[in-house]
Amino acid sequence: MSAPPTSTPTSTSSAEEPLQGHSTSKFKPRACARCSQSKVKCKWVSEPGEAPCERCRRSSLDCVLPSLKPRGPRRGKSTRVGQLEQRIDGIMSLLAANHHIQQSSGPPKPPSIANGTSELLQPFQEDLQGHLAPPALQPLGPPSLPRTPALEHIEIVPGLETTFRDADQALDEYRTVYMPCFPFIPLRHDISAVDLYQKQPLLFRMLVQVALPQNFQSQRDVGTWFRKYIAEHMVVQQERRLELLQAILVFVGWGGFGFYIESWATALLQLATGLVIDLGLNKSPMSLSGVPYSLVTEAIKVMRIAEVKEGHTFEERRAVLGCFYVISTVSTLFRRMHPFPFTGYLNQCCDALLEAHEYESDKLLVALVRMQRLVDRVHAVFPNPEADSEASRVFSAPLHMAIATLRKELDALVEKAAPEIKNNVFLWIHYHGSVLRLYEPIIYMNPSLSATDPTEAGLRTEGLWSCLKSANDFFTSFLAIPVDKVGPLPFVVKARLSFAIVTCSRLLFLDDSKWDIKLARKSLDFAGIAARLEELFNAAELFETNHTGRRKRKLIDDDRSIVAKYGERIRWIRHWYNSMLPLEADSAMEMDTGGFMEPARDHGGAFWQALLNLDGPWDLGDQV
């Protein structure tokens, strides 16, 4: 019977009306041709065919009903049974014909022939009974869960496994807790763990391990495995993929690295820089060599050596901006070489992200990058004695004007920020940290001796005071971080805390005739700030302990977490600061050592470890 046409047929007789009506409702298409081909649900506004479906209407596409083909004979499990029945019918027909011949022409055959016939039919009868007989009842055992992707185990690194269901929970934790403070590797909510694992297995592993609860040994194994993976694929196999760059940013972003005394991430950052250059992410794809009228550009165009892309994807733009942000932060805070300049193309990437409105976090991303760009210009303003031995260490009026100009640009950048990110605590942490970095070089410079104007002579003191005030503002913003967000902080935020503590220790013990340290200590109560920081880290440690198994605790050994270690070190720094104050000041305050040995009054090794290397090991010989 052929299928009816898609339009409603015209009835010719009353006898055919019920049949045609039943056929039309039975074979009515459920989806249009496009939705059926895409394997998606087709939502009709009215009857199928009268108006376009919702998907075709939104995409302005032609909504066409699929042609209905006549249904052929059904094929199922009964095919084998039918074949056996045909073979048995044929054998029975032959036996019946043979029996008829024997009755008409001769005596009956001996019983052996009948037995042979039964033996001939027995395998077919058993085969037929095996297909037709109902299955024997088996005793019921314990119910077994179906093997679904959500329950399948996947290896993150050797020795660390999880299910896709737990991986989905870890990715949700990454989206809500980790991604808002480091928005360079966003993850859409409609991407499941299975999809990400199939498309980007390395990035999947890095994002899951960031938020997945695990013991100390597994956390160490992740770092070892990742370094081996990067060395094998980037150095040995010379792979160049965006996924590698994104994985490095995630690993470094939440890695426990020390940058003052030892830097364990320098090699990874150098590889990330090389990957950006090899992928051409630091310049427009239309600029092959980066130099106008270059012979390399002409050769590539003529010989068609490389395919020119029309533009980078948003993922590529976020990755290159994240690479600049991380490397610039390390170089400006810890006096490292800066191999990653901010170019005009990176500014175009910022504009493109703002225009696209793909993620709300892109607004914070652009604000962080552009503020870091201004901090990066401090290298051009202040002389670098390491690069130029003739550089002057005198703070003059032109330097004061340059700093004032950068400060105005920073203030204008924050004023123009989107209203929805002005209440973001990480924006203000970065802003006050940038202002602190702007004024910090003044500490190591001398006032101008040739200045005759008293106003010009006091410019350095004004700069030192602005530095102290920005440090106070930074601590105020840092203490506003919610307790549940302290543990997942990326290293760029904790690095700014280390830098602020170092800068305060310099300002509050600066021996300068034009700097009143007593007034500075009254303006910035460092002991009180340290006590509040200790309380914040202790509260964060208590929160993580109460959520063991549901939240990841970054561990420093089998028993202690890094958050708890931060609280201990801040406490030690507070006691050290109190011990360094004059005796008359010590008598006015209660010195609670809290079980610690009396801090030394000199800058020993333990002091520098506690003060300068919050992310690094506690003892010089200890390897975390």
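Computed values, structure above
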quantity: Breaking point among (1) buried (at least 17 other Cβ atoms within 10 Å of the Cβ); (2) outside any loop (DSSP other than H, G, I, E, B); (3) under 34 Å from the mean Cα position of the chain (by Cα); (4) not hydrophobic (A, V, I, L, M, F, W, C), for Pro488; calculated: (2)
quantity: Near pairs, Cβ below 6 angstrom, 6+ apart or cross-chain, from the range 264-280 (without any contact (Cβ under 8 Å) to a residue 12 or more places away in the chain) to any residue that is in a helix (DSSP H, G or I) and among the polar types (S, T, N, Q); calculated: none
quantity: Filter result for Glu161 (modelled with pLDDT of 95 or more, surrounded by fewer than 18 Cβ atoms within 10 Å (Cβ to Cβ) and outside any loop (DSSP other than H, G, I, E, B)); calculated: no
quantity: Exclusive hit being aliphatic (A, V, I, L, M) and more than 25 Å from Phe395 (Cβ to Cβ), set Ala418, Ala500; calculated: Ala418
quantity: Thr332 under 29 Å from Leu365 (Cβ atoms), modelled with pLDDT under 90 and in a helix (DSSP H, G or I); calculated: yes
quantity: Filter result (among the small types (Gly, Ala, Ser) and either in contact with a Leu (Cβ under 9 Å, 6 or more places away or on another chain) or farther than 29 Å from Ala500 by Cβ (or both)) within the range 326-355; calculated: Gly344, Ala352
quantity: Subset of the range 169-227 [of a type in the set (Val, Ile, Thr) and closer than 30 Å to Phe478 by Cα]; calculated: Thr176, Val177, Ile185, Val208, Val210, Val222
quantity: Neighbours by Cβ (under 6 Å, 6+ apart or cross-chain): first from the range 171-200, assigned to a helix (DSSP H, G or I); second surrounded by fewer than 16 Cβ atoms within 10 Å (Cβ to Cβ); calculated: Val194/Pro149
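The values are calculated or read from the model by the stated rules, or taken from the named source; none is laboratory data. Computed from a predicted model, the values in this text were never measured in an experiment. Neighbour counts run over all protein chains shown; Cβ positions are idealised from the backbone, glycine included.
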